[in-house]
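The values are calculated or read from the model by the stated rules, or taken from the named source; none is laboratory data. Only a predicted model underlies this, so the values are computations on that prediction, with no experimental measurement involved. Glycine also receives a Cβ, built like all others from the backbone with ideal geometry; neighbour counts cover every protein chain displayed.
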Amino acid sequence: MKVTVDRAACYGSAECAFRAPAVFAFEDGYGVVLPGKEDAAEEPGVREAAERCPSQAIVLGE
Ligand code: SF4
């Protein structure tokens, strides 16, 4: 399952990088999905990060 960050929605709390550092990083004030992790929605912490993102900027999908 794919994971993406909607940069327009992200307001840079960095919580995703804290909760799932194997998948997310915090760069230039935004949460980003690390290269090669675009299909890593099943990895530990990713779903929790999406649910707890304060701006609902993390999108999980097919
Ligand atoms: S948790 Fe959400 S708002 Fe915070 S950096 Fe990550 S994507 Fe952006």
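Things worth noting here:
- Considering residues of segment 41-62 that are of a type in the set (D, E, K, R) and touching a residue at least 40 places away in the same chain (Cβ under 8 Å) only, the residue surrounded by the most Cβ atoms within 10 Å (Cβ to Cβ): 42
- The listed residue being more than 11 Å from the ligand (Cβ to nearest atom) and either basic (Lys, Arg) or modelled with pLDDT under 95 (or both), out of 43, 62: 62
- Within segment 12-24, considering residues that are of a type outside the set (Asp, Glu) and buried (at least 17 other Cβ atoms within 10 Å of the Cβ), the one nearest to the ligand (Cβ to nearest atom): 16
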